[in-house]
Amino acid sequence: MSRPLVVSIPHRLGKDEAVRRLQSGLSRAAGSLPVLSVDEERWDGDKMIFRVRALGQAASGHVDVADDHVRVEVTLPWLLQRFAEAAQSAIRSRGQLLLTKKS
């Protein structure tokens with residue numbers, strides 16, 4: 001099993017507002033990336049468990065929301081490991097956009 005990809009995204013929203021913004025964020029992100037589809041998205045309080053598919057490969061992980069940051073952990077299959085750096089950058093930039101944009 002490969003080592004998980006971990007991204008921490010700081011925010012100033014508080015836990016409740018960050019959860020509210022993230023609850024539709026994964027599906028919206030997948031809608032804007034044609035190679036990504038969401039197989040599962042399940043919330044348990046301030047933690048989201050997810051499974052996505054990209055290029056025919058499944059990846060799974062979870063998002064933990066804290067008062068001042070969001071921690072995303074994703075386990076990529078070996079075929080997607082070569083895209084880990086790009087995935088980390090995309091997660092960070094989309095997460096920052098979602099957590100800083102005015103609503």
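Does residue 20 satisfy the criteria of being farther than 16 Å from residue 81 by Cα and either assigned to a loop (DSSP other than H, G, I, E, B) or without any contact (Cβ under 8 Å) to a residue 12 or more places away in the chain (or both)?
Working: farther than 16 Å from residue 81 by Cα: yes; either assigned to a loop (DSSP other than H, G, I, E, B) or without any contact (Cβ under 8 Å) to a residue 12 or more places away in the chain (or both): yes.
So residue 20 fits the description; yes.
Which one is surrounded by the fewest Cβ atoms within 10 Å (Cβ to Cβ) among residues in the stretch 40-69 that are more than 19 Å from residue 12 (Cα to Cα) and among the charged types (D, E, K, R)?
Only one residue tops the list, namely 44.
Based on what the data block shows, is residue 88 at pLDDT below 90 and either under 15 Å from residue 8 (Cα atoms) or under 11 Å from the mean Cα position of the chain (by Cα) (or both)?
yes
Every residue in the stretch 70-86 that is surrounded by fewer than 18 Cβ atoms within 10 Å (Cβ to Cβ) and outside any loop (DSSP other than H, G, I, E, B), please.
Residues satisfying the conditions are 71, 73, 75, 78, 79, 81, 82, 83, 84, 85, 86.
Looking only at the stretch 38-88, how many residues end up being out of contact with any Pro (no Cβ under 9 Å at 6 or more places or on another chain) and under 24 Å from residue 19 (Cα atoms)?
Total satisfying the criteria: 27.
Step by step: first the residues of the stretch 1-19, then only those that are farther than 19 Å from residue 75 by Cβ and over 14 Å from the mean Cα position of the chain (by Cα), then the one that is surrounded by the most Cβ atoms within 10 Å (Cβ to Cβ). Which residue is that?
The selected residue is 11.
Would you mention how many residues in the stretch 29-62 are touching a helix residue (DSSP H, G or I) at 6+ places or on another chain (Cβ under 8 Å) and among the charged types (D, E, K, R)?
2
Here's the yes/no breakdown for (1) under 12 Å from the mean Cα position of the chain (by Cα); (2) over 19 Å from residue 86 (Cα atoms):
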| site | (1), (2) |
| --- | --- |
| 26 | yes, no |
| 43 | no, yes |
| 47 | yes, yes |
| 51 | yes, no |
| 59 | yes, no |
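The values are calculated or read from the model by the stated rules, or taken from the named source; none is laboratory data. Predicted model only: the values in this text are computed from it and were never measured. Methodologically, a virtual Cβ is constructed for each residue, glycine included, from the backbone with ideal geometry; neighbour enumeration extends over all protein chains shown.
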